[in-house]
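Data first, discussion second: the structure below is written as structure tokens.
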Amino acid sequence: MAENASLRKGLSSTLDKAARVAVDGHVQNNQVLGIGSGSTIVHAVHRLAERVQQENLNVICVPTSFQARQLILQNGLILSDLDRHPELDVAIDGADEVDSDLNLIKGGGGCLTQEKIVAGYAKCFIVIADYRKDSKNLGERWKKGIPIEVIPMAYVPVTRALEKKFGGVAELRMAVSKAGPVVTDNGNFILDWKFDMVHKWKDVNTTIKMIPGVVETGLFINMAEAVYFGMEDGSVRMRERPSH
């Protein structure tokens, strides 16, 4: 238990440093920012709130989830939405896994659709992650599968189509503190597709999105401009997307 607590404290510290470097490097005055979801983004929002106080920055924040919305409000930042601000300057988020080309798996927290919408309408999308999320190929470290948001009535045929086209196993994500499946902020279900080989992810992503009943995938292909990794030794390593 003490070892786990020590690891959590170390990860929190290294993520905090990565978040500071990322926010300081990309956030400027008079910007509209996309705010991601999950535990990692808490560090970025805290740094953002610090800079707003210290530098009197004027920034507007668009959330990717109910959790992100609450985080923005709790830190005294200006809340908006894509209706009022359909184009964002920078989106900041975490990731469940990052490959050597900066392709991502996201959606472990269930907010993949809103996260992809916000990232997709930002001029620049940056990611904060700890060293454990860095892989050569997707699936090396993240073993919980690729999240796929589906319309509830279609989850069984979508499951069958996924397994038939690509192999592996697709499982309906079940809630922990309630009976039944996880329900997203959009009222949909999530399938976690546990694949059994390395794929051409751009092609796979496109094919999955064409399956009737699929809303969105947790594959973020060619979207991240840069990833800031909090390293085990406390340093921060930034990696930009390859130009090819």
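The values are calculated or read from the model by the stated rules, or taken from the named source; none is laboratory data. Worth saying up front: this structure is predicted, and the values here are computed from it rather than measured. When we count neighbours, we look across all protein chains shown, and the Cβ atoms used for this are built from the backbone with ideal geometry, even at glycine. Heads up: the accessible areas ignore ligands, DNA and RNA and are worked out on the full protein's heavy atoms, side chains in. Shrake-Rupley method; radii C 1.70, N 1.55, O 1.52, S 1.80 Å.
Structure notes:
- Based on Cα contacts under 8 Å between residues 6+ apart, the stretch 146-218 shows a relative contact order of 48 percent.
- Based on protein heavy atoms only, the chain ends up with 49 Å² per residue of surface accessible to a 1.4 Å probe.
- Relative contact order %, the stretch 1-124, counting alpha carbon pairs below 8 Å whose residues are six or more apart: 27 percent
- For the peptides 188-198, 123-133, the ranking by mean Cβ contacts within 10 Å, running from highest to lowest, is 123-133, 188-198.
- Rounded FRET efficiency, nearest 0.05, which uses the C-beta distance separating N58 from R160 and R0 of 45 Å: 0.35
- For the chain, a simple Cβ point-charge model (Lys and Arg +1, Asp and Glu -1, everything else neutral) yields a dipole of about 420 debye relative to the Cα centre.
- The residues packed around E97, meaning those with a beta-carbon under 11 Å from its beta-carbon, carry a net charge of +3 if Lys and Arg are +1 and Asp and Glu are -1.
- The fraction of accessible area contributed by carbon and sulfur in the stretch 146-218 is 60 percent, rounded to a whole number (1.4 Å probe; ligands and nucleic acids excluded).
- Between the C-alpha center of the stretch 200-244 and that of the stretch 30-97 there is a gap of 20 Å.
- Ranked by the mean number of other Cβ atoms within 10 Å per residue, highest first, peptides 159-168, 234-243, 219-228 order as 219-228, 159-168, 234-243.
- Dividing the Cα radius of gyration of the stretch 146-218 by its Kirkwood radius returns 0.96 for Rg/Rh.
- Structure-derived mean projected area of the Cα convex hull in nm²: which label, when the choices are (i) 20.9; (ii) 12.6; (iii) 14.0: (iii)
- Packing-based ranking, highest mean first, of 88-99, 37-48 given that Cβ atoms within 10 Å are counted: 88-99, 37-48
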